[in-house]
Amino acid sequence: MTLPWRTILTHGPTILEAARKLYERSRKAAKAPEPTERNAGGAESLRRAVEQLQAREVQHATLVADVARQLQDMATALEVLRARLRLALVGMSVAVAVAILTAALVMWRAG
């Protein structure tokens, strides 16, 4: 299966913003107040399980935010490379045109 990198890189800023929102929501959920009533061991184990799930959610949100940031960096680097490629192509075109004109001038003077 091939990944549509062009699409991913194009939508990098959107992915980054969504990852930031997910990360912020996860952090807020992790800071939620604890319930005041606690039943027997069943409620305590359930509370611990929920805390573990919240901690994993925060870890996953952090990971998604990091991946989105890296995608944004790749998109930026890709744009820089595209600009450099255009500049190189323009430079090469000018060099070829000058070489052709020089060769034509040399042949015209020799002939």
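Every read-out reported here was derived from the displayed coordinates using simple, explicitly stated rules and does not represent laboratory data. Everything numeric here is computed off the predicted structure, so don't read it as measured data. Don't worry about glycine lacking a Cβ; one is built from the backbone with ideal geometry, like all the others, and counts go over all protein chains shown.
Per residue, the convex hull spanned by the Cα atoms of the chain measures out at 111 cubic angstrom. Considering only Ala68, Ala83, Ala19, the mean-square fluctuation computed in a Gaussian network model of the chain, springs between alpha carbons under 10 angstrom, is largest for Ala83.
Counting only Cβ charges, +1 for Lys and Arg and -1 for Asp and Glu, the dipole size of the chain around its Cα centre is about 320 debye.
Counted residue by residue at 0.36 nm each, then reduced by the alpha carbon distance between them, the extension gain from Arg6 to Leu81 reaches 25.6 nm. With respect to the chain, whose longest principal axis is taken over its alpha-carbon atoms, helix 41-110 is tilted by about 0°. For the options Ala49, Ala97, Ala65, a Gaussian network treatment of the chain with springs between C-alpha atoms closer than 10 Å singles out Ala97 as fluctuating the most. Using the Cβ-Cβ distance between Gln70 and Leu101 with R0 set to 41 Å, the FRET efficiency works out to roughly 0.30.
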